[in-house]
1. Kindly list the number of the only condition in (1) assigned to a loop (DSSP other than H, G, I, E, B); (2) over 16 Å from VAL97 (Cα atoms) that fails for ILE351.
2. So which pairs qualify, if the first residue must be in region 166-184 and polar (S, T, N, Q), the second must be at pLDDT 85 or above, the Cβ gap must be under 8 Å, and the two must be at least 6 apart or on different chains?
3. Which residues, taken from region 51-70, are modelled with pLDDT under 85 and surrounded by fewer than 16 Cβ atoms within 10 Å (Cβ to Cβ)?
4. Within the set of pairs 6 or more residues apart or between chains, which connect a residue that is over 21 Å from ARG69 (Cβ atoms) inside region 89-115 to a residue that is part of a helix (DSSP H, G or I) and among the β-branched types (Val, Ile, Thr) with Cβ atoms less than 7 Å apart?
5. Can you report the number of residues in region 300-321 which are without any contact (Cβ under 8 Å) to a residue 24 or more places away in the chain and part of a helix (DSSP H, G or I)?
6. Residues being part of a loop (DSSP other than H, G, I, E, B) and touching a residue at least 40 places away in the same chain (Cβ under 8 Å): count how many of those fall in region 71-86.
7. Taking the residues in region 258-280 that are over 18 Å from the mean Cα position of the chain (by Cα) and assigned to a helix (DSSP H, G or I) as candidates, determine which candidate is farthest from VAL336 (Cα to Cα).
Amino acid sequence: MRLAATCRSAAAVWAIGAALFAGSVLFVLAAGEIGLRAWRWMEPLSEHNPTGARTTWVAPDPDLGYRLRPNPQRMIHADGLVGPPVDPTSSRFRILVLGDSVIFGRDNIISRAAEILSRDPAVAPLDFLNSGVPGYTNYQQVTFLKRSGVRFKPNLVGIVFVMNDLHRFLHAPQFDGDMAVGQTFWDRSIPGDTNPVLARLMAYSLFVAWVHSRVRAAFGLLRVKMGNAYTFDHNPDFRTAWDDNAWKTVDSQISEAAALGKQAGFRLFLVAVPFGEQLRADYLARDAAYVTKPQRRLREICSRLGIAYLDVMPLLDRRRHLQTDFIHLTNEGKTVVAQALAEFLKKEQLIPAR
């Protein structure tokens with residue numbers, strides 16, 4: 001009898017302890033969720049805005065996830081391009097370039113290459129159309145080409161491929177009607193290899209997504225420190241470039257662009273921009289074939305489809321030519337790549353002579 005009472009008492013204590021623990025966990029989750037949502041919603045829209053505008057700079061889009069909001073003062077037009085409006089009556093050779101923040105804005109490798117070629121007496125006049133949008137992936141770039149790019153009737157289409165382009169969506173901005181909420185543009189899309197239950201939780205909970213990204217990054221860093229792993233293997237933005245399944249999708253997307261080119265009468269070229277960690281001497285000495293796997297896959301795809309291919313990795317220095325995020329180019333890096341691009345377009349006879 002006494003033993004039974006003792007067992008009941010222990011069970012009651014255990015149940016109370018479990019309830020208190022569960023309550024504490026729920027309290028932390030609720031507090032974290034409320035706090036994170038309040039912070040995100042109250043954060044000013046102008047902070048980190050790449051367009052420099054004081055209002056939300058992206059609008060929702062059913063196909064692309066988001067698109068640039070037209071802003072004539074910032075040379076962002078309703079056609080989704082940055083720069084002068086497209087002149088439909090122009091007979092000049094027209095080059096449409098697809099990409100992300102690496103080519104976004106007024107001063108980039110495309111604008112500099114255009115300037116170099118405009119001073120070359122051997123090259124015919126050219127019109128460069130820059131459709132670079134921060135955060136766009138290869139999927140979004142090709143979708144833009146199919147939906148809008150062909151309307152510009154380009155003679156040549158270029159893809160500036162960065163090693164975090166192997167996602168369907170990289171950014172997942174939240175919208176309240178037509179307006180982006182706070183700084184949610186900088187939220188990352190849920191990784192495709194996440195457990196389905198966890199992915200569903202992350203879709204509804206900002207706090208769970210935030211904790212997941214921090215824990216995953218911490219474990220990845222620990223593996224890098226303890227063994228011979230590579231930082232990009234554990235970077236959620238870039239690790240897909242070493243994932244064979246992701247390359248199957250990209251192969252299909254680039255093939256679709258090539259088929260569209262044959263149908264619409266434009267040629268294609270692709271420029272591969274490396275992730276800065278690929279330029280580490282210790283990584284290249286350890287296994288250069290693995291480190292440069294993404295560039296090799298791109299070269300194989302382009303060779304099979306007859307697409308002119310430019311790999312700028314051999315031209316770049318990690319410290320001098322890339323910014324501290326190891327993604328975007330420094331002023332010197334832009335000059336190096338722009339000069340290489342201009343020479344490449346001439347050498348491959350992708351642009352007409354004067």
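The values are calculated or read from the model by the stated rules, or taken from the named source; none is laboratory data. Computed from a predicted structure; not experimentally measured. Virtual Cβ from ideal backbone geometry, glycine too; neighbours counted across all protein chains shown.
1. Condition not satisfied by ILE351: (2).
2. That search, which allows pairs on different chains as well, returns THR184/PRO173.
3. GLY52, ALA53, ARG54, THR55
4. ILE109/VAL337; ARG112/THR335
5. The qualifying residues number 4.
6. 5
7. Selected residue: GLN263.
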